[in-house]
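Note sheet for the following structure.
Every number in this text was worked out from the coordinates using simple rules, so none of it is lab data. Small disclaimer: the values here were computed from a predicted structure and weren't measured. A quick note on method: Cβ atoms are made from the backbone with ideal geometry, for glycine too, and the neighbour counts reach across all protein chains shown.
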Amino acid sequence: MPRRLLTILCTVTTLLLLAGQGSLANPRPALQQWSESAANDWYAHQQWLVGSDYIPATAINELEMWQADTFDPARIDTELGWAESLGMNTMRVFLHDLLWQQDAEGFRKRVDIFLGIAAKHHIKPLFVLFDSCWDPNPHLGKQHAPVPGVHNSGWVQSPGAAALEDPAQVPRLEAYVKGIVGAFANDPRVLGWDIWNEPDNDGGGNYAKFEAHNKSALVLALMPKVYAWARAAGATQPLTSGLWNGNWSSPDTLSPMEKVQIRESDIISFHNYSKPDDFERSVLQLQKFHRPLICTEYMARANGSTFQGTLPIAKKYNVGAINWGLVAGKTQTYYPWDSWEHPYTDREPAMWFHEVFRTDGKPYRQDEADFIRQIIGRK
């Protein structure tokens, strides 16, 4: 074989091998959990991740946020501008399986519009695929008005109880995951995919009698499949599902659900609505998994979980920090959890539970806004 041809073939072979291996900073699709080194190399290329769980003030739940009739890009642009003014660089954003069933191409286009707006404000979203919290009977179309004085009175689960209990729905759920992840699997504007929010949560609110029978067992059986579907769709972004309620001090203390979450997640995410010492304890417990850590829910003022208490610890250990709630609106999550038993129909709570901004863009507490801006380093 001529030497020149041999050289060309060797060069092509080398390039193909490198393409197959991928760069650790920009991993190629993997059909199994990322290695610790790949996950940590990815994280080393991120800014310190600080942001909020986000839904616009004009939407009561994820369906109202995304459906064509109520999708509000102008409002989203305004609110993400407020987040950018604080230096926030990520948002955790909930999707829903029924949106894909209703109008897959329209939903994909609206997500693309959202990503364009977020990128304009230097924000990379973490998208949530499924959620076990609040109303287990979601329905498309017009959503009901907020229940006066009640925290998250219109939030809906995904999938709903009926779909979760019906094995015939599994192909539809698979099509949703593969469709939405596949559409943005190589999109650098997407930070990652949160497979399932609080998968073993019993729901909350007053919905107990409507929950799926043996709900946790059904989710436990389905969740590994969701990870596999997302990987099969070619996701180049990391997958995760947040630990939220347990003792993570040793493998023996982990629940079956938590073991799946840790076994399948490329990066470890968790929730903590407690005081700073408990937040730090959670971080130290989770460091033993040697993977990047992101707290995807925190900040409940009445519980002692605050920006001033949590963010310095998160920064010390290089833990991403995403608080619940950016702007007060139809979710009403500035009311506390116990508002389900005691609605705040005649007054605001003495202290807002969640949210950073009032509906008009004024910070609920200016000292908090100044602190967030200062600790992130936003001028």
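Using the Karplus relation 6.51 cos²θ - 1.76 cosθ + 1.60 with θ = phi - 60°, the per-residue 3J(HN,Hα) values for segment 65-79 come to 5, 9, 5, 4, 5, 10, 4, 10, x, 5, 5, 4, 4, 4, 5 Hz, with x marking Gly and Pro. For Asp53, nonlocal amide neighbours, meaning residues 5 or more places apart or on other chains whose placed amide H falls under 5 Å from its own, are Arg92, Asn323, Trp324, Gly325. Bridging of Lys315 to aspartates and glutamates at a Cα separation below 15 Å is possible for Asp277, Glu280, once same-chain residues fewer than 8 apart are set aside. Computed from the C-beta positions of Asp69 and Arg263, the FRET efficiency with R₀ = 35 Å rounds to 0.30.
Remark: Met223, Met351 ranked as Met351, Met223, counting other beta-carbon atoms within 10 Å and listing the fewest first.
Fully extended, how many nm does the chain gain between Gln47 and Asp346 (0.36 nm per residue separation, minus their Cα-Cα distance)?
So the extension gain works out to 103.4 nm.
Note on the chain: Rg/Rh from Cα positions, Kirkwood definition for Rh, rounded to two decimals, is 0.98.
Have a look at Glu264, Glu62, Glu341 and tell me which one the Gaussian network model of the chain (Cα, springs below 10 Å) gives the largest fluctuation. Comparing Glu264, Glu62, Glu341 in the GNM, the peak value goes to Glu341.
In the chain, the DSSP beta bridges split such that about 10 percent are antiparallel, to the nearest 5. Taken one residue at a time, the phi angles of segment 316-322 give Karplus couplings (6.51, -1.76, 1.60, θ = phi - 60°) of 4, 9, 6, 9, x, 9, 10 Hz. Gly and Pro are set to x. Tell me the angle of helix 3-21 to the major Cα principal axis of the chain, expressed in degrees between 0 and 90 and rounded to the nearest ten. Approximately 20 degrees, to the nearest 10. Among Asp278, Asp72, Asp346, the largest mean-square fluctuation in a Gaussian network model of the chain, built with springs joining Cα atoms closer than 10 Å, belongs to Asp346. Sorting Ser132, Ser216, Ser241 from the fewest to the most surrounding beta carbons within 10 angstrom yields Ser216, Ser132, Ser241. Each of Trp48, Trp352 was scored by other Cβ atoms within 10 Å of its Cβ. Arranged with the fewest first, they read Trp48, Trp352. Using only Cα atoms and rounding to the nearest 10 degrees, what angle (0 to 90) does helix 170-183 make with the longest principal axis of the chain? The angle comes out at about 70 degrees. Based on DSSP H segments of at least four residues, each scored -39500 (n - 2.57), the chain has a per-residue ellipticity at 222 nm of -12500 deg cm²/dmol. How many angstrom separate the Cα center of segment 187-248 from the Cα center of segment 320-351? Cα centroid to Cα centroid, the span is 24 Å. Whole-Hz Karplus values for segment 97-114 come out as 4, 5, 5, 5, 5, 5, 6, 4, 5, x, 4, 4, 5, 5, 4, 4, 4, 4 Hz, taken residue by residue from phi with 6.51 cos²θ - 1.76 cosθ + 1.60 and θ = phi - 60°; glycine and proline positions read x.
Past 30 Å, Cα to Cα, is the threshold; run Lys120/Lys288; Lys109/Lys142; Lys259/Lys362; Lys109/Lys330; Lys124/Lys288; Lys120/Lys178 against it and keep the listed order. Pairs exceeding the cut-off: Lys120/Lys288; Lys259/Lys362.
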